[in-house]
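Okay, structure first, notes after.
The values are calculated or read from the model by the stated rules, or taken from the named source; none is laboratory data. Worth saying up front: this structure is predicted, and the values here are computed from it rather than measured. Using ideal geometry, Cβ is built from the backbone for each residue, glycine included, and neighbour counts are taken over all protein chains shown. Calculation scope for accessible area: heavy atoms of the full protein, side chains included, ligands and nucleic acids excluded. Shrake-Rupley method; radii C 1.70, N 1.55, O 1.52, S 1.80 Å.
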Amino acid sequence: MQLDDMKQTWTGHGANFERSLAINECLLREMLLRKVRSAFVPFQVLRLLEVAFGIATIVAAMTVLSNHFTDPRYLMIAGGLSVIAWYVTGLCAYLWYETATIDYADPVTALQRHIERIRLAEYRAFKWALLLGIIAWLPIALILFEALTGIDALARVNLAWLIGNMLFGFLCLGIGQVLARRYVERTDLTPWGRRLVETLSDHAVRSATQHLTELAQFDRNE
Amino acid sequence: MLSMNIDQFTNLLQRHKGLIHKVAYAYCRDATDRDDVIQEIVMQLWRSRYRYDDRFQETTWIYRIAINVAVSFHRRERRHRERRTSLEGPAITIAARVADSNPDLERLMRSIDDLEELNKALVLLYLDGHDHASIADVLGISVSNVGTKLQRIKNKLRAAVDQRQPSNSMGETHATG
């Protein structure tokens, strides 16, 4: 039996479907009204909130930086925070735009590439936000505190303690990465837990990159 | 551009329901997953209806959306096998009473199952009688690439189907009958 012989079997299969399917119009109407409107809204709203939060962080960091731009401690912390906040906010804005303009009627390879690029950007944004949260949460909190209240909190904190706190963050991150690699195959994780584990272990980025490679191979006429 | 109301959309689904079901059937062997894919395809068709370009055939447009949704769903499910969408009851019912007990079809489906996601799409389009240009259009690759890939898949499927034919025929009868 060859692929060409199978066409007949396949046509019969299709004809069988055509005969036996009946669309329930009431349920279809209900689904279109309920699901289509709500399915993509939370994702878009979340992205917009992230962009707004990112812009607020950049403004706060730049304000503090402009007040102390001759001090290396501020230059390093507020400057570093500004650079990363620009990057993450840019990624979030990119995600918002790309998901808003996604068109499933695009050719299959083009759309799949589009989706994988969105996924990669999402993992990167999440990973940087996570890195920042674990390693540099204290200096960031102090900078934001100054921006909000005008109190120069960073100058009052012992530098050795601040560095120790960041090193502890690195240690936590290292342990988290080891655990994530160990538990990435577990099936009883919540969606958020899975996202965290896949991002920390780099599993998600590898999977998206691999799919992009497969798509590139599929595109090649060899 | 096509702007259709829900009645026209229902008619469109009525005309092409078999196509949507075949794509879902090829990518998901589990009935619950299949229902989810069909719902997602219908949803994306509805969302994309304003972007439909009537220079294209309806089937090309529907195939693109159906395959894109099915491939994305398949990849997502492969990553999160344990996750099941929590739909509160079926939002759309395409009642099927397809009790295929055809061993040839079963063999064909198993062979298609073994193919990689994009090659699966290529074979579906080929089996549905699309020419190389039309397949290239749906998938977004060159016409010559379609020819090369089809030839390779044909050889692979021939070997796989021939290998299954003698030894599995009894098992298939039990499984499907």
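Side notes on the structure shown:
- Shielded by partner chains, region A:89-115 residues - at least 50 Å² of accessible area, 1.4 Å probe, vs chain alone: A:104, A:105, A:107, A:108, A:112
- On Cα atoms only, tilt of A:137-149 relative to the major axis of chain A in degrees: 70
- Largest GNM mean-square fluctuation across A:175, A:143, A:58, computed for chain A with C-alpha springs under 10 Å, falls on A:175.
- Net charge dipole size for region A:3-218 [Lys, Arg +1 and Asp, Glu -1 on Cβ; Debye, nearest 20]: 360
- Heavy-atom accessible area for residue A:192, with the other protein chains in place and a 1.4 Å probe, reaches approximately 140 Å².
- Percent accessible area from carbon and sulfur atoms, region A:3-218, protein chains only, probe 1.4 Å: 68
- Exposed loop positions in chain A were taken to be trypsin sites (Lys or Arg not before Pro) whose DSSP state is not H, G, I, E or B and which have at most 11 other beta-carbon atoms within 10 angstrom. Between these positions, the longest stretch is A:1-185.
- Furthest towards positive pole of dipole, A:133, A:56, A:27, structure part region A:3-218, Cβ charges: A:133
- Mean Cα-pair separation over length for chain A, i.e. relative contact order, pairs under 8 Å, 6 or more apart, %: 18
- Computed E for residue B:4/residue A:44 - FRET, C-beta separation, R0 35 angstrom, nearest 0.05: 0.90
- Probe 1.4 Å, all protein chains present, accessible-area order of B:156, B:22, largest first: B:156, B:22
- Here is the interface size for A with B: some 6500 Å² of accessible area buried, both sides summed, with a 1.4 Å probe.
- Candidates A:104, A:94, A:183: whichever shows maximal mean-square fluctuation once chain A is modelled as a Gaussian network with Cα springs under 10 Å: A:104
- Rolling a 1.4 Å probe across the protein heavy atoms gives region A:3-218 an accessible surface of 53 Å² per residue.
- Dividing the helix sum by the residues of chain A, where each DSSP H run of 4 or more adds -39500 (n - 2.57), gives a mean residue ellipticity at 222 nm of -28500 deg cm²/dmol.
- Sequence-distant lysines (8 or more away, or on other chains) whose Cα lies within less than 17 Å of residue B:120: A:7, B:22, B:149, B:154, B:156
- For region A:3-218: rounded, prolate or oblate by the Cα gyration tensor [a/c cutoff 1.5]: prolate
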